[in-house]
Amino acid sequence: MKLTLSSSPHQRVKRDTSQVMRLVILAMVPGIIAQVILFGFGVLIQAMIAVLTAIVTEAMIVYMRGKRVTFALNDFSAILTALLLAVSIPPLLPWWMTVVGTFFAIAIVKQLYGGLGFNLFNPAMAGYVMLLISFPAAMTLWLPPSSLTSIQPDFWDTLSIIMSDFTVSGHSMDQLRVAVDGVTMATPLDTVKTALSQNLTYPEALNQPIFSSNIATSAGAGWAWVSLAYLAGGLVLVKTKVINWHIPTATLASAAILSLIFFLADSDSFASPLFHILNGSLIFGAFFIATDPVTASTTDKGRIVFGAFIGMWVIIIRTFGGYPDAVAFAVIIMNMAVPLIDYYTRPRTYGHMAKKARNPR
Amino acid sequence: MPSYQDLTLQGLWKNNPALVQLLGLCPLLAVTATFINGLGLGLATMLVLMGSNITVSLIRNVVRNEIRIPIFVMIIASFVTIVQLLMNAFTYELYLTLGIFIPLIVTNCAIIGRAEAFASKNSILPAAYDGLVMGTGFTVVLVVLGGFREVLGNGTLFTGADRLFGEVANNWQVTLFATDSPFLLAILPPGAFLGMGLLIACKNAVDAHLAARKPQTEKTITRARVTTEI
């Protein structure tokens with residue numbers, strides 16, 4: 001028998017960075033397919049624009065920094081960032097806004113801090129927040145699910161409206177957003193928020209057409225399916241151990257518990273936990289955004305704290321804040337707290353005793 | 001006393017109060033949403049800086065060392081009050097736009113920094129000149145940042161020039177491009193921080209470029225003394 005000697009480390013990671021990134025991209029496919037089926041081709045075109053911008057930007061900056069361009073591009077991290085951004089923005093956003101957002105995410109948020117592994121903030125979410133506060137009007141123009149709209153744009157219409165603000169047949173964004181019954185529709189989160197601000201109760205808000213054909217009483221038509229598709233992809237990631245279970249579980253649990261407390265206290269003015277989880281980007285955020293290995297906490301205990309606070313911020317900002325959804329803001333806020341969380345949740349070093357036992361006096 | 005040429009270089013580039021000393025960032029970041037706002041606050045700061053430098057230099061041999069800082073602050077505060085009243089009288093709209101940031105010039109560390117570091121050690125003429133170039137350096141940064149943010153955020157330049165220059169400037173506004181969805185980030189506070197960071201980065205890049213072009217001087221090896229008497 002041949003015994004080989006090798007130096008440590010003996011236990012190696014089974015996957016390298018690019019494999020992890022590609023697995024995450026693959027896990028996003030069900031969600032993207034659901035988005036295409038329910039909301040049209042916009043997301044695919046945005047993904048193409050964003051990925052192209054990300055590759056060009058990354059190559060440019062890496063070249064300017066004097067590093068190896070092929071090495072930086074081969075880890076797929078820029079492509080993943082672009083995809084995460086592309087599925088988060090409204091599908092019919094003008095193309096140059098997508099380009100600006102992706103450039104900001106890659107050039108400023110990621111590369112200026114030193115590239116992959118050194119960025120403090122989640123690049124995709126920082127890019128999203130930048131777009132949201134820069135172009136608040138365009139960033140909240142979501143299409144209703146195709147089943148509810150009167151005009152269903154095909155691929156070329158979608159491409160044309162992204163590039164030139166009008167479809168091939170000359171319809172504008174506002175016309176596309178008109179539903180079958182002639183009423184312009186917002187997202188479920190927006191609808192409920194507006195209704196609550198108009199002194200309607202939460203059950204009354206659910207009577208709006210956006211909630212009519214749904215899978216559960218309090219989920220919006222279409223949006224819930226997208227969330228569930230991302231949930232499926234996310235569970236695969238957990239199963240294959242690409243991401244840990246701590247962050248998504250903690251995020252969803254804390255959001256559910258906090259919203260349940262509000263809901264039980266006053267079910268007329270606060271939305272139910274199921275509504276909060278299935279609508280907006282909470283599931284997507286919990287599995288794909290918050291679990292970013294660079295910007296999330298690195299200890300198991302820390303991950304639970306990190307996720308729990310993200311869930312808390314999402315519910316607080318959704319309920320009391322000015323914006324309908326809050327995953328991006330929550331993730332950015334908690335990114336800032338990660339060094340602190342990591343400091344207080346350092347695992348015990350092997351061979352050392354816990355603090356209390358070490359000093360019995 | 002350093003030469004005037006050296007003073008100019010220090011104030012405008014090498015020791016620029018905004019880009020290098022990073023002093024007075026609060027008004028710098030808060031009012032630079034437009035070119036004219038930046039110019040207005042820059043000129044006000046420059047006037048205060050010159051006035052306080054001259055006065056501090058005048059009394060530098062009279063004031064006792066122990067109480068110099070409160071005296072400097074009072075001198076600066078009087079000049080700020082003068083400038084504030086002048087702006088209230090002659091450029092009322094700009095006065096309203098800049099608001100709290102005019103009285104806050106008192107807290108601009110660049111001013112007390114120059115009073116302490118330069119004016120209290122030099123005669124009147126160099127002190128006044130130092131105030132002028134330091135103020136100009138500060139104003140240039142304010143104006144560049146303000147112009148950058150205004151162009152990015154609104155697509156215009158020199159908006160509200162009449163607030164500073166009177167009716168002559170009514171139609172000075174230049175529209176570079178018109179847009180329905182302005183780049184709000186540039187106008188909002190984060191735009192100021194990002195713009196300031198990029199300006200500093202540009203300055204450092206230019207410095208590095210100049211340093212690289214300069215021929216390398218031969219390093220002279222000096223023997224380090226290891227046996228100093230204590």
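The values are calculated or read from the model by the stated rules, or taken from the named source; none is laboratory data. Here the structure is a predicted model, which means the values were calculated and not measured. Because the Cβ atoms are built from the backbone with ideal geometry, glycine has one as well, and the counts that use them run over all protein chains shown. For accessibility, only protein heavy atoms count, side chains too; no ligands or nucleic acids. Shrake-Rupley method; radii C 1.70, N 1.55, O 1.52, S 1.80 Å.
Can you work out which of the residues in the range B:188-203 that are surrounded by 13 or more Cβ atoms within 10 Å (Cβ to Cβ) and touching a residue at least 40 places away in the same chain (Cβ under 8 Å) is nearest to the other protein chains (Cβ to nearest Cβ)?
B:Gly191
If the Cβ limit is 8 Å and pairs must be 6+ apart or interchain, which residue in the range A:292-318 that is open to solvent by less than 10 Å² (accessible area, probe 1.4 Å) pairs with which residue that is of a type in the set (Lys, Arg)?
Short answer, once both residue conditions are applied: A:Ala296/A:Arg303; A:Ser297/A:Arg303.
If a residue has to be under 18 Å from A:Val294 (Cβ atoms), under 19 Å from the mean Cα position of the chain (by Cα), open to solvent by less than 40 Å² (accessible area, probe 1.4 Å) and of a type in the set (A, V, I, L, M, F, W, C) to count, how many in the range A:27-80 make the cut? Lay out the reasoning, then the answer.
As a first pass, look at the range A:27-80 and keep what is under 18 Å from A:Val294 (Cβ atoms): A:27-28, A:54, A:57-58, A:61-62, A:65, A:67, A:71-80.
Right, trim to under 19 Å from the mean Cα position of the chain (by Cα) and you get A:27-28, A:54, A:76-80.
Applying the additional criterion that residues be open to solvent by less than 40 Å² (accessible area, probe 1.4 Å) yields A:27-28, A:54, A:77-80.
Then keep just the ones that are of a type in the set (A, V, I, L, M, F, W, C); that gives A:27-28, A:54, A:78-80.
Final tally of qualifying residues: 6.
Only residues that are more than 16 Å from A:Lys193 (Cβ to Cβ) and assigned to a helix (DSSP H, G or I): list them for the range A:258-277, please.
Selection gives A:Leu258, A:Leu260, A:Ile261, A:Leu264, A:Ala265, A:Pro273, A:Leu274, A:Ile277.
Looking at the range B:111-127, which of the residues that are surrounded by fewer than 18 Cβ atoms within 10 Å (Cβ to Cβ) and touching a Ser or Thr at 6+ places or on another chain (Cβ under 9 Å) is farthest from B:Arg64 (Cα to Cα)?
B:Leu125
Using the structure shown, decide if B:Gly166 is open to solvent by less than 60 Å² (accessible area, probe 1.4 Å), farther than 22 Å from B:Cys26 by Cβ and within 14 Å of another protein chain (Cβ to nearest Cβ). Write out each step before concluding.
Working: open to solvent by less than 60 Å² (accessible area, probe 1.4 Å): yes; farther than 22 Å from B:Cys26 by Cβ: yes; within 14 Å of another protein chain (Cβ to nearest Cβ): no.
When the stated conditions are applied, B:Gly166 does not pass them.
Filter the range B:86-110 for residues that are aliphatic (A, V, I, L, M) and open to solvent by 40 Å² or more (accessible area, probe 1.4 Å) and give the result. Give the steps one after another, and end with the answer.
Keep residues of the range B:86-110 that are aliphatic (A, V, I, L, M), which gives B:86-87, B:89, B:94, B:96, B:98, B:100, B:102, B:104-106, B:110.
Hits for the range B:86-110 are B:Leu86, B:Ala89, B:Leu96, B:Ile100, B:Leu104, B:Val106.
Go through the residues of the range B:13-32 one by one and say whether even a single one is over 25 Å from B:Gly147 (Cα atoms) and either open to solvent by less than 50 Å² (accessible area, probe 1.4 Å) or assigned to a helix (DSSP H, G or I) (or both).
In the first step, residues of the range B:13-32 are kept if they are over 25 Å from B:Gly147 (Cα atoms); the result is none.
The answer is no; no qualifying residue exists.
If we keep just the residues of the range A:103-124 that are of a type in the set (Gly, Ala, Ser) and modelled with pLDDT under 90, which is most open to solvent (accessible area, probe 1.4 Å)? Lay out the reasoning, then the answer.
We begin by selecting, within the range A:103-124, every residue of a type in the set (Gly, Ala, Ser); these are A:105, A:107, A:114-115, A:117, A:124.
Pick out the ones that are also modelled with pLDDT under 90 and you get A:114-115, A:117.
Working: A:Gly114: 22, A:Gly115: 3, A:Gly117: 49 Å².
Among those that are of a type in the set (Gly, Ala, Ser) and modelled with pLDDT under 90, it is A:Gly117.
Name the pairs: first residue in the range B:91-112 and closer than 20 Å to B:Ala127 by Cα, second residue open to solvent by 50 Å² or more (accessible area, probe 1.4 Å) and outside any helix (DSSP H, G or I), Cβ to Cβ under 7 Å, at least 6 apart or on different chains?
B:Ala110/B:Gln21
Pull out all pairs, ordered by first then second residue, where Cβ-Cβ is under 8 Å, the residues are six or more apart or on different chains, the first lies in the range A:93-110 and is facing chain B (nearest Cβ under 10 Å), and the second is surrounded by fewer than 23 Cβ atoms within 10 Å (Cβ to Cβ) and among the charged types (D, E, K, R).
Hits for this filter: A:Pro94/A:Asp165.
Since B:Val206 meets every condition but one in (1) within 14 Å of another protein chain (Cβ to nearest Cβ); (2) modelled with pLDDT of 90 or more; (3) open to solvent by 60 Å² or more (accessible area, probe 1.4 Å), which condition does it not meet?
Condition (1) is where B:Val206 drops out.
Do we find a residue being of a type outside the set (Phe, Trp, Tyr) and in contact with a Ser or Thr (Cβ under 9 Å, 6 or more places away or on another chain) anywhere in the range B:193-201? If you could, list the steps in order and put the result at the bottom.
Applying the first criterion (of a type outside the set (Phe, Trp, Tyr)) to the range B:193-201 yields B:194-201.
Adding the requirement that they be in contact with a Ser or Thr (Cβ under 9 Å, 6 or more places away or on another chain) leaves B:195-196.
Yes: the range B:193-201 contains one or more residues that are of a type outside the set (Phe, Trp, Tyr) and in contact with a Ser or Thr (Cβ under 9 Å, 6 or more places away or on another chain).
Just to be sure before I move on: is A:Met130 under 20 Å from A:Val20 (Cα atoms) and either more than 12 Å from chain B (Cβ to nearest Cβ) or under 19 Å from the mean Cα position of the chain (by Cα) (or both) in the structure I sent? I'd like the intermediate steps shown before the answer.
Values: under 20 Å from A:Val20 (Cα atoms): no; either more than 12 Å from chain B (Cβ to nearest Cβ) or under 19 Å from the mean Cα position of the chain (by Cα) (or both): yes.
It is false that A:Met130 is under 20 Å from A:Val20 (Cα atoms) and either more than 12 Å from chain B (Cβ to nearest Cβ) or under 19 Å from the mean Cα position of the chain (by Cα) (or both).
When residues of the range A:142-171 are filtered for being modelled with pLDDT of 80 or more and within 11 Å of chain B (Cβ to nearest Cβ), how many remain?
Looking only at that region, the number is 0.
Using the structure shown, decide if B:Leu185 is within 14 Å of chain A (Cβ to nearest Cβ), open to solvent by less than 30 Å² (accessible area, probe 1.4 Å) and in contact (Cβ under 8 Å) with a residue 12 or more places away in the chain.
Working: within 14 Å of chain A (Cβ to nearest Cβ): yes; open to solvent by less than 30 Å² (accessible area, probe 1.4 Å): yes; in contact (Cβ under 8 Å) with a residue 12 or more places away in the chain: yes.
It is true that B:Leu185 is within 14 Å of chain A (Cβ to nearest Cβ), open to solvent by less than 30 Å² (accessible area, probe 1.4 Å) and in contact (Cβ under 8 Å) with a residue 12 or more places away in the chain.
Considering only the range A:40-132, give the helices (runs of 4 or more DSSP H) lying wholly within it that have at least 2 residues that are among the small types (Gly, Ala, Ser).
On the way: elements: A:42-64, A:69-74, A:77-88, A:95-103.
Because the criterion is at least 2 residues that are among the small types (Gly, Ala, Ser), the helices (runs of 4 or more DSSP H) in the range A:40-132 that meet it are A:42-64, A:77-88.
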